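Asks: Next up is a structure, given as C-alpha cells.
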Amino acid sequence: MDSRAPIFGFNDARDEIVRTVVDRVVGSTRDPLLAMNEAAYQESKRLEGSRKPQDVRELAEWQRLARSLGRMHDAERRRRLRELSEEYAWDIAGNFDRRVYQLSSRLLPPVVSALLAPRKLMTVVRDPLKLVSLELLADRVLVEGPLAKLRSLVQRGTAVYVPTHLSNMDSIVFGYALERAGLPPATYGAGKNLFTNPVLSFFMHNLGAYRVDRRIRHNLYKDVLKTYSGVLLERGYHSLFFPGGTRSRSGGVERKLKLGLVGSAFEAYTRTLQSGRERRVFFVPATINYLITLEAETLIADFLSEAGKGRFIIEDDESSRIGRIASFLRKLLAMNAAVVIRFSEPLDPFGNRVDELGRSFDARGREVDPASYVKDQGGKAVIDAARDAQYARELGEEICRAYARDTVVMATHVVAAASFARLRSQAPAADLFTVLRQRDVITVPRDDLAADVVALCDRLRALEQRGCIVLGEDVRLGSGGDIVERALRAFAGYHSSPVLDSRPDGIALCDTNLLFYYQNRLAAHGVAWDVIAPPGVPSGLQVQPPLPPLESASSPPPLDEPRGSASSASSSPSSSSRAGEADAHVGSMNGAGGGQ
C-alpha cells in the first residue's frame, strides 16, 4: 500500500480541515437568525419526550437559544452560529491512525473469513502466516473490475467509491476489496449509532470514518456535513459513499439514488480549479453481491410492511432484541457464502468515461475537458448549486446504469426467480400479497425446477453477451441441477426457516418472502417479476449495454504536473470548444452547465 495516500496525513490536517468547514458554513449562511431558529425548532421537536438526562439538558439549551435569538444583534448571532458549526464539525470529524490501519489490515482476512467461511478458517488456524494473508479469502471473496485503471487513477485524482448497499457487512467487505485490489483506504460516513459499540467504534474512529447523526434533520447540520465531505474531496481524500442512502430493503439493485453528499464533489472540483491546481474527481460505481444476505429476513419484512401497509403482518418474532441477537450470532458463525465485489468503469462527475490517465471522453469517444462544465462564458470556474444539482441527477442515472450492468448473478438469485415465477403462475390472484401467502403450498418436481433454471440462464446469458449483466461462475458453468443444489445448500446453511425444502416429490417453496427478496436482484433486468421499481422509474428491462471500450492511452504525463497549465492542450481549450464539449454531453439539460 502506498503510504503517500492523502489519508495517511489526515490527523496533521484535521484542525485546518475543521476550520475551513466552519469558515465556509458561517460565510455562506445568509440569515443566521433563520438558520438557528430552524435548528432550535427541529432539535426541540426531536428531544421532546425523551427522559435521558443528556437529551433533557440539550433540550433546555435549545429552548434557551430559541428564546434569546430575537434579542441578539447580528455579530452575536454570527458568533453563536460559529460555535454551533464548530461543535458539529468536531463531532463529525474522523481520525486516522496508521498503526490501527496496519493492525486492521492483518485482522481483516481472519475476521471476514470467520464471517463468511468459518470452516476454512479452522483449516488454516495452525499457520499464522496464512491466517493474516489476503489469500485466505481468495476463493470466497472475489474482487473484479478494471483494477489496474483504478490504481492509476488514484494517483492522478480523487476517487469516490459509490457501491450498492445490501448489508451492514458492506463496509467491512468493501474495505477488504480495496486492500485486495491494492487501492488506498477511503474516508466514509458511518451512522453515529454504530460508534456505541466499543469494538466497532475503536476501528471506525481510527480508520477515517466520520460520524453522521441521522437523527439531526436541520439544515445547519446538513450544511456542515456536506461541507466537511466536500473539503475532504477537495484535499484529495478518497471517499466511500453508499448513494442508496440505506440498505436495499427489497434486495433489488438501486435504481434511484440520494446524491446529497455525492453532490459535494462538484463544488470540491470547482474549488480546485479556482485555486489554480485542478484535481480531478473520479466516481467508481461498484456492486457488492452476496450469495446470502445477512439481514435478508428483517430487510424484506421491513420492505413488505411498508409496501403492504395494513395488509401485511410480520409473522416471526425478529423484533425481539434478545432473540434476534442470538439468531444473528448463530447464523453469522454458520454462514458459508460467496461474495463478489465488482468495480465498474470509472466516470468523471459529469458522467463521462475516464481512461487510465484520468482523461474524460464523451459518449462518442471524443476527449472532453471536465473543467468546461463548471466554467462560465468568460472561462471562469464558478460554483452554481442549481447547475450542480442537475449534474448530480444525471450522474446518478449513470451510476444506476453501471449497477445494473455489473450486477453479478448468483445461484440463489436464479433459483429464487424461477421458484417465484412458479408461485406467481399458480397463485389464485395476481397481486403480490396473494402470491406471498402461498407458503409451503407448492412443490415443484426437481427436474422441472432445473428446467426452469436452464431457461432463465439462457435469457441471462443473452443479457451478458450484450454487456447488461454478469453471471457468476456457478451460474455460467453449472447445469440446471447444479445451480439448484448450490442454492439449496446456501439457503439451508444460513436462514432460520427453510427457504426451499428438498422432499421426495420435489422442491417445496417454503419462505415466499425470502424467495421474493432474492429474485428481486434480477427485477431491473426484466427476468424476474418487477414490483419494486421506485416511483417514476419504469419497471422491467431498462438496462443499457455499455459503450465501446476506450482505446488504451500511450504515455502518461508526469503525475505532479498541475492540470490547467499552458502545456496541457486538452485541459485548456478555447471557450467555443468547451461549449461544444459540454453540449455534447449534457444534451437535454436545458442549457445548464459549462459553456452556456
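The values are calculated or read from the model by the stated rules, or taken from the named source; none is laboratory data. Please read these numbers as outputs of a predicted model, since none were measured by experiment. Heads up, the Cβs are rebuilt from the backbone with ideal geometry, glycines too, and the neighbour counts pull from every protein chain shown. Each accessible area value is taken on the protein alone, full model and side chains, heavy atoms only, with ligands, DNA and RNA left out. Shrake-Rupley method; radii C 1.70, N 1.55, O 1.52, S 1.80 Å.
Yes or no, residue by residue, for (1) closer than 13 Å to residue 355 by Cα; (2) part of a helix (DSSP H, G or I); (3) touching an Asp or Glu at 6+ places or on another chain (Cβ under 7 Å):
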position: 152; (1), (2), (3): yes, yes, yes
position: 176; (1), (2), (3): no, yes, no
position: 180; (1), (2), (3): no, yes, no
position: 184; (1), (2), (3): no, no, yes
position: 188; (1), (2), (3): no, no, no
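Asks: Taking the conditions exactly as written (in contact with a helix residue (DSSP H, G or I) (Cβ under 6 Å, 6 or more places away or on another chain) and over 23 Å from residue 513 (Cβ atoms)), does residue 447 satisfy them or not? Before the answer, list the steps.
Replies: Values: in contact with a helix residue (DSSP H, G or I) (Cβ under 6 Å, 6 or more places away or on another chain): no; over 23 Å from residue 513 (Cβ atoms): yes.
Here the answer is no, as residue 447 does not meet what is asked.
Asks: Among the basic types (Lys, Arg) and in contact with a strand residue (DSSP E or B) (Cβ under 8 Å, 6 or more places away or on another chain) - does that describe any residue in the stretch 356-365?
Replies: If we filter the stretch 356-365 for residues that are among the basic types (Lys, Arg), which is where we start, we get 359, 364.
Next, only the ones that are in contact with a strand residue (DSSP E or B) (Cβ under 8 Å, 6 or more places away or on another chain) stay: 359.
Yes, that holds for at least one residue.
Asks: Next question. For residue 107, state whether it is closer than 30 Å to residue 489 by Cα, at pLDDT below 90 and in a helix (DSSP H, G or I).
Replies: Working: closer than 30 Å to residue 489 by Cα: yes; at pLDDT below 90: yes; in a helix (DSSP H, G or I): yes.
So residue 107 passes the test.
Asks: Give the residue, chosen from 462, 508, that is of a type in the set (A, V, I, L, M), surrounded by fewer than 21 Cβ atoms within 10 Å (Cβ to Cβ) and assigned to a strand (DSSP E or B). Spell out how you get there, then give the answer.
Replies: Numbers: 462 fails: assigned to a strand (DSSP E or B).
On inspection, the qualifying residue turns out to be 508.
Asks: In addition: Going residue by residue through the stretch 491-504, is there one that turns out to be under 21 Å from residue 166 (Cα atoms) and part of a helix (DSSP H, G or I)?
Replies: yes
Asks: Hey, can you tell me all the residues within the stretch 225-281 that are hydrophobic (A, V, I, L, M, F, W, C), in a loop (DSSP other than H, G, I, E, B) and open to solvent by less than 40 Å² (accessible area, probe 1.4 Å)? Step through it out loud before you land on a result.
Replies: The initial filter retains those residues of the stretch 225-281 that are hydrophobic (A, V, I, L, M, F, W, C), namely 225, 231-233, 240-242, 253, 257, 259, 261-262, 265-266, 268, 273, 281.
Checking which are in a loop (DSSP other than H, G, I, E, B) leaves us with 241-242, 253, 257, 259, 261-262.
Once the filter is applied, which keeps residues that are hydrophobic (A, V, I, L, M, F, W, C), in a loop (DSSP other than H, G, I, E, B) and open to solvent by less than 40 Å² (accessible area, probe 1.4 Å), the stretch 225-281 yields 241, 253, 257, 259, 262.
Asks: Assess whether residue 414 counts as being over 15 Å from residue 289 (Cβ atoms), open to solvent by less than 20 Å² (accessible area, probe 1.4 Å) and either in contact with a Ser or Thr (Cβ under 7 Å, 6 or more places away or on another chain) or part of a helix (DSSP H, G or I) (or both).
Replies: Spelling it out, it is not the case that residue 414 is over 15 Å from residue 289 (Cβ atoms), open to solvent by less than 20 Å² (accessible area, probe 1.4 Å) and either in contact with a Ser or Thr (Cβ under 7 Å, 6 or more places away or on another chain) or part of a helix (DSSP H, G or I) (or both).
Asks: Within the stretch 303-312, does at least one residue satisfy the condition of being in a loop (DSSP other than H, G, I, E, B), among the hydrophobic types (A, V, I, L, M, F, W, C) and open to solvent by less than 20 Å² (accessible area, probe 1.4 Å)? Outline the logic, then answer.
Replies: Residues of the stretch 303-312 that are in a loop (DSSP other than H, G, I, E, B), as a first pass: 312.
Okay, now just the ones that are also among the hydrophobic types (A, V, I, L, M, F, W, C), so 312.
Filter once more, so that each one left must be open to solvent by less than 20 Å² (accessible area, probe 1.4 Å): none.
No; the residues of the stretch 303-312 include none that is in a loop (DSSP other than H, G, I, E, B), among the hydrophobic types (A, V, I, L, M, F, W, C) and open to solvent by less than 20 Å² (accessible area, probe 1.4 Å).
Asks: If I filter the stretch 350-380 down to residues being assigned to a strand (DSSP E or B) and open to solvent by 10 Å² or more (accessible area, probe 1.4 Å), which single residue comes out as farthest from residue 161 (Cα to Cα)?
Replies: Step one: of the stretch 350-380, the residues assigned to a strand (DSSP E or B) are 353-354, 360-361, 367-368, 375.
Now restrict to residues that are open to solvent by 10 Å² or more (accessible area, probe 1.4 Å): 353, 361, 367, 375.
On the way: 353: 15, 361: 20, 367: 23, 375: 25 Å.
Ranking the qualifying residues of the stretch 350-380, first place goes to 375.
Asks: Now for a different question. Which of the residues belonging to the stretch 142-161 are open to solvent by 10 Å² or more (accessible area, probe 1.4 Å) and under 22 Å from residue 263 (Cβ atoms)?
Replies: 154
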